[in-house]
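S.K.: Take this structure, written in structure tokens, and hold onto it; I'll ask about it next.
FYI, it's all coordinate maths here, none of it is from the lab. Computed from a predicted model, the values in this text were never measured in an experiment. FYI the Cβ positions are ideal-geometry reconstructions off the backbone, even for glycines, and counts take in every protein chain you see.
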Amino acid sequence: MLRRRGRLQEAEAVYREALQRDSTDVRAHVGLQRIGLKRGQDLQLRHLYRIHPNSYLAGRLEGREDLQRKAFEAAPEPWRSLGLAYLAELGADPKRAARLLEGVLATDPGNVWARLRLGRVLLNAGRVGEAADQFEAALWTDPEHPGPAAGVSLVEESRGRQDAALRWAQAAQRRAPAERVLVARVHQLAANAAEPARLRAAAHGLLRTEGPSGVAILYAADMLQNAGAAVEAERAFARAVQGGITVEEVASWRHLPPADEGFERFVSGLRRGAVARYRHFRSTGEMETFAQFHAWVRQLYEKQCGEVLGPAGEPSSYAFIGLTLDATGTSRVPIVRACARRGFFILLGQRRGGPPELFFGRIARREHRRAATVRGVQVEREVVWVQRRIISGYAEWAGGGETAGLALEGQILIDLQAVAAWEGEWRRALRRMQPVRQSVLAAEALRDRPVTSIEDPAGISWRLLLDSHRDLREEILAHENAHLVDAQRHLPVEKHLFRNLALAVGKGFDAKRILAFLERNAQITAIAEGPTPRAGLAVCCSMLGGGGAHSLGYEEIVQGMVDDIHKHPDRYPTIDTERVIVQQLHRLSERQVRAAARQLMVRWGLIARS
């Protein structure tokens, strides 16, 4: 504990006193080794090797798994199972590692070390919920240990909740302020919310700290990767190997292919050129064609990367929406494939009436094409999760808000950076409201206006969220899935000519009203079939009166729900229909919100009456 809290001199004195009593005390030798590493020394482990040539640490020093296994097999429990579980992890056998650790916990539930290792094994296997349970149990067992808080931080990061990951990492660091690995992780998480330039600066600041550990260098290299600085990241990875990190461990941290200076120049030029084009359009109204924009991107890539791309490929045309190049995993567009090889996603498109634009970012993961059932219809799509957006579309750059999700032809794009920003904003607002939570929920609705009016929702979105679970990623996925159903119903235009003609006539050939219709369909589906109906309704209420396509579509949902409550008060006994109904929507349960949404879907012909 003294060593973890940075009191190295006191800890060293304790270890040396132990060695005076027993010169072969393994724990004392290991403690001195760790103190030596903090001071940039590597002497104690070699001394231990001379004393214990058959010990686990000796085997680790020699890189011999057989010596390590022999030492663990001979050790008493729980050290035997803990050691063998560690070797099973190294041997990519998570099931065996988990069995061994669960065996330790069956006989010793308070073994924090075993819980932490089991949490890491489960997290690496993608069993995030089970890993979270282990870390939280460890936190209850030993609240002062930094490991459980660090584990919860990893869980939150894997869920895309960067704010929460940072808070838990800071909590772990407070428990062990001198632990350089935790200091480095806090640096990394704090910087990951920054723009690429700030991210690079933070990484270099971490590398300049006095005697950074190998793991700290790995964090810095990962930050440089996230900033798209592949060359600098490679240098940092090489430095990590020199600092004692294994080549295999470094390889597991790499997200980008080997450094490519030409591609780095392409990314830098792409960012500068796109912003310059957006600015030109905003100031002059002059708009280049989609073909010119696409040609500029291709020529920039060929010049900087020294690679000649194949035929350009034609964009798909979406009536009333615009143009886009196919960006799926099987795309025939050369620039899309070239970026995908390096772990990046590029989307070139043009919204109706706007300039050509692009979306560019680093891929966190890409789910292969598979089927999903939405509104009773089978849709096939791949899902691309983008971890770091480097360039946004023109509408976002011009202040039009961030795109957290986007439905394309056979593909859904989820921007984890935008999701984390939205979730952080909601959580901060809800924290501010907690002290007055009861009074907010108990506030009476007004009587002095028409009860079905939705013009004054009186902060209903926050009241809906105060008692709601919210998983923004799943909400967005449900919304975008519904867009794919509408795409099947309306595209290609010539195949569904009469349906599209009826839609266009019904909306007065107004592109905004047509988009509002599509957004209405997607969001009502997300409320009825998604994981968190109340949160989905809260999103609708938060955008009332906005004037955009989303707002118009969401107003129709809220108004339809209010009208249904007014017409069928017996279905909603918690609502006082003598008062403004929209101001009472927080009194509906998840089940009631979902049922009301399904009623609207039946009325609008989206699903059949069951």
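S.K.: By the gyration tensor of its Cα atoms, with a ≥ b ≥ c the square roots of the eigenvalues, what is the shape of segment 491-548: rounded for a/c under 1.5, prolate for a/b over b/c, or oblate?
M.R.: Since a/c reaches 1.5 but b/c is at least a/b, the shape of segment 491-548 is classed as oblate.
S.K.: For segment 406-458, run through the GluC sites (Glu not before Pro) and keep only the ones in DSSP coil with at most 13 other Cβ atoms within 10 Å of their Cβ.
M.R.: GLU444, GLU455
S.K.: Now for a separate question. Using the charge dipole of segment 491-610 (Lys, Arg: +1 at Cβ; Asp, Glu: -1 at Cβ; taken about the Cα centre), state which of LEU585, PHE509, GLY605 has its Cα farthest towards the positive end.
M.R.: GLY605
S.K.: Could you work out how much longer the chain between ALA295 and ARG365 gets when fully extended? Use 0.36 nm per residue separation minus the Cα distance between them, nm to one decimal.
M.R.: Contour length minus Cα-Cα distance gives 22.4 nm.
S.K.: So which trypsin sites (Lys or Arg not before Pro) in segment 291-379 pass both tests, a DSSP loop state and at most 16 other Cβ atoms within 10 Å of the Cβ?
M.R.: Here the trypsin sites (Lys or Arg not before Pro) that fit, given the DSSP loop and packing criteria, are ARG332, ARG352.
S.K.: Then there is this: If you filter segment 275-353 for GluC sites (Glu not before Pro), then keep DSSP loop positions with at most 13 other Cβ within 10 Å, what is left?
M.R.: Here the GluC sites (Glu not before Pro) that fit, given the DSSP loop and packing criteria, are GLU286, GLU307.
S.K.: Can you give the FRET efficiency for ALA502 and ARG16, using 1/(1 + (r/R0)^6), R0 = 60 Å, r = Cβ-Cβ distance, to the nearest 0.05?
M.R.: Approximately 0.10, to the nearest 0.05.
S.K.: Along the Cα-to-Cβ line of GLN438, 7 Å from the Cα, sits a label point; which residues in segment 555-588 have backbone N less than 19 Å from it?
M.R.: 587
S.K.: Which whole-Hz ³J(HN,Hα) couplings does segment 519-534 yield from phi under the Karplus relation 6.51 cos²θ - 1.76 cosθ + 1.60, θ = phi - 60°, glycine and proline marked x?
M.R.: Here the 3J(HN,Hα) series is 5, 4, 4, 5, 6, 5, 5, 4, 5, 6, 10, x, x, 9, x, 5 Hz.
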